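See below for the structure under consideration.
The values are calculated or read from the model by the stated rules, or taken from the named source; none is laboratory data. Model, not experiment: these values are computed from the prediction. Every residue, glycine among them, receives a Cβ derived from its backbone with ideal geometry; neighbour counts consider all protein chains shown.
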Amino acid sequence: MSTPGDGAAEQAAPASSSTETDASAGDIITVTIGATVPTGFEQTAAEEIEEKIGVEARISKDRGRLYFPITTDKLYQIHLLKSVDNLFVVVEENDHYQFKESKEETLEELQQLASKLPWSNALQVWKLNGTLKKRKGYRKGGKAAKVKPNSDETAADNEQQEVPEAVSAADGQTETEASPDLETCAQDSEEGAPKAKILKFRVTCNRAGDKHSFASNEAARDFGGAIQEFFQWKADMTKFDIEVLLNINKEEIVIGIALTEESLHRRNISHFGPTTLRSTLCYGMLRLCKPQASDVILDPMCGTGAIPLEGALEFTSSFYIAGDNNDMAVNRTVNNICHIQRRRADKGSVSGLPIDTVQWDLCNLPMRTSSVDIIITDMPFGKRMGSRKKNWDLYPSCLREMARVCRPGTGKAVLLTQDKKCFSKAVSRMGGLWRKLHTVWVNVGGLHAGVYLLKRTENVFGQTPEDIYEPRETVNTQAEKTDDKELS
């Protein structure tokens with residue numbers, strides 16, 4: 001096995017150097033970029049890619065992933081996307097990979113695969129991506145030990161949507177790291193440096209499917225060992241330069257190189273709450289309601305302000321009002337807004353944002369009737385915040401108050417909740433005020449939730465039976481009194 005590997009390495013070396021020559025000459029190549037997105041919002045992400053980059057994205061069978069082509073001269077555009085969590089350049093993909101029945105044969109095949117892959121273009125894109133991030137002031141990846149654990153967590157969080165067996169490389173690569181370190185580097189650039197830099201790497205394996213004979217950590221360990229032997233890189237689980245991705249979904253296998261050090265969903269929030277929404281999910285919800293210029297957009301349960309902040313940064317022609325009944329939540333929102341304003345001022349941008357923050361009672365909003373165009377919020381699931389029992393009274397009350405402040409006929413609401421039964425009952429009771437248009441099923445922290453798009457009916461508030469709502473306890477008490485009268 002060593003002899004073919006050595007031969008492959010000798011063949012790969014000239015290819016690598018030629019790629020560097022091509023890069024310096026400015027040759028443009030086309031590569032495939034993979035992106036992970038919040039499950040359920042794949043189509044929304046595909047629309048954004050077509051809108052901003054001008055290419056058609058292919059949605060993967062593995063939920064939460066899509067792929068699109070791009071040329072290296074437009075590589076910077078991938079960092080303008082707001083609906084994607086993580087980005088990687090595809091080395092190779094196989095939709096129908098024939099895994100061996102025995103674990104030993106499969107792992108040996110993965111080891112052999114490492115020396116057969118076309119790494120050149122992907123490594124060229126990885127190097128180019130590094131220069132783009134330096135130029136734009138992005139954090140240099142893999143250098144700070146306190147940064148990379150977050151990256152590990154976000155990688156795991158991102159894949160928890162449909163990949164229950166997804167494993168971060170750190171889970172099974174201790175053995176890879178324990179293998180003898182190779183102190184020479186064969187693939188570094190030929191820039192005339194006095195001493196070649198030893199590249200550090202790790203392999204992260206994300207696997208879905210129950211018919212595999214191997215575990216994720218075993219695949220990462222053996223594949224990583226073969227990469228180490230082939231490239232003469234050094235394995236490092238935290239302070240790595242390159243992260244190689246091994247994505248396995250049933251019979252599909254995709255090998256890639258990560259282009260983001262940490263998930264892009266952490267971009268806006270500095271003061272987190274117990275149920276802070278990911279910025280990528282907020283962006284998907286905002287695109288669902290299609291904000292227009294001069295729209296007044298309300299988040300009556302803003303929490304940390306993730307939704308209105310994302311809107312104020314990306315859909316700047318609208319005005320956002322963020323409110324909550326909890327003073328700590330309001331303070332977090334204000335702090336997050338101030339953090340963004342300071343960051344924009346440091347970059348020389350206009351620091352002001354079209355957003356205001358208020359503390360209020362959700363069921364008695366200090367807003368005029370029919371004064372809001374769009375309501376978008378993350379409702380309490382009844383798990384970390386509130387309770388399922390309280391939701392039976394809260395949901396009808398807040399839907400009624402939302403209907404009061406929302407413009408009849410044109411107003412919309414985009415509401416996220418995991419308490420699907422309670423929400424469906426509440427909407428059916430408010431049928432004269434709200435009409436359900438569309439539902440997007442998403443994964444929020446491992447919970448199966450729904451994003452509901454509602455349209456405000458043309459009925460004027462105050463002229464429908466739904467305008468008068470009594471809590472369940474009151475209704476039950478009146479029913480008992482009626483029963484007592486009938487019995488007497």
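Does region 78-95 contain at least one residue that is closer than 22 Å to ALA35 by Cα, modelled with pLDDT of 50 or more, part of a helix (DSSP H, G or I) and among the aliphatic types (A, V, I, L, M)? The answer is yes, given that some residue of region 78-95 is closer than 22 Å to ALA35 by Cα, modelled with pLDDT of 50 or more, part of a helix (DSSP H, G or I) and among the aliphatic types (A, V, I, L, M).
Restricting attention to region 263-276, the residues that are modelled with pLDDT under 85 and either closer than 23 Å to PHE223 by Cβ or polar (S, T, N, Q) (or both) total 2.
Checking each residue in region 374-396 for being in contact with a Pro (Cβ under 8 Å, 6 or more places away or on another chain), modelled with pLDDT of 90 or more and not aliphatic (A, V, I, L, M) picks out only THR377.
For region 257-280, taking the residues that are closer than 21 Å to VAL451 by Cα and among the small types (Gly, Ala, Ser), the one that is nearest to the chain's Cα centre (by Cα) is identified as SER279. Considering LYS425, LYS420, LYS455, which residue is closer than 15 Å to ILE376 by Cβ and among the charged types (D, E, K, R)? One residue alone meets the criteria, LYS455. Answer yes or no: is there a residue in region 461-478 that is among the β-branched types (Val, Ile, Thr), modelled with pLDDT of 65 or more and in the same structural domain as ALA329 (by TED's automatic domain parsing). Yes, the conditions are met somewhere in region 461-478. For region 289-306, the criterion of being surrounded by fewer than 24 Cβ atoms within 10 Å (Cβ to Cβ) and either in contact with a Gly (Cβ under 7 Å, 6 or more places away or on another chain) or free of Cβ contacts under 8 Å to residues at least 12 places away in the same chain (or both) is met by at least one residue. Taking region 337-366 as the range and being polar (S, T, N, Q), touching a Ser or Thr at 6+ places or on another chain (Cβ under 8 Å) and modelled with pLDDT of 95 or more as the test, only THR357 passes.
Considering ALA312, ALA322, ALA329, ALA258, which residue is at pLDDT below 95 and crowded, with 20+ Cβ neighbours inside 10 Å? So the residue among ALA312, ALA322, ALA329, ALA258 that is at pLDDT below 95 and crowded, with 20+ Cβ neighbours inside 10 Å is ALA329.
Among the residues of this structure, THR369 counts as one that is of a type in the set (Val, Ile, Thr), assigned to a loop (DSSP other than H, G, I, E, B) and at pLDDT 95 or above. Candidates ILE374, ILE355: the one that is touching a helix residue (DSSP H, G or I) at 6+ places or on another chain (Cβ under 6 Å) and more than 19 Å from ASN459 (Cα to Cα) is ILE355. Counting only residues that are touching a helix residue (DSSP H, G or I) at 6+ places or on another chain (Cβ under 8 Å) and more than 12 Å from SER216 (Cα to Cα), region 243-254 holds 2 of them.
Of the numbered criteria (1) loosely packed, with under 15 Cβ neighbours inside 10 Å; (2) in a helix (DSSP H, G or I), the one GLY348 fails is (2).
For region 24-47, the count of residues that are within 22 Å of ILE257 (Cα to Cα) and at pLDDT below 50 is at least one.
Among the charged types (D, E, K, R) and modelled with pLDDT of 90 or more: is that true of LYS421 in this structure? Criteria met by LYS421.
Of all residues in region 419-454, exactly one satisfies the criterion of being among the polar types (S, T, N, Q), more than 15 Å from the chain's Cα centre (by Cα) and assigned to a strand (DSSP E or B), namely THR439.
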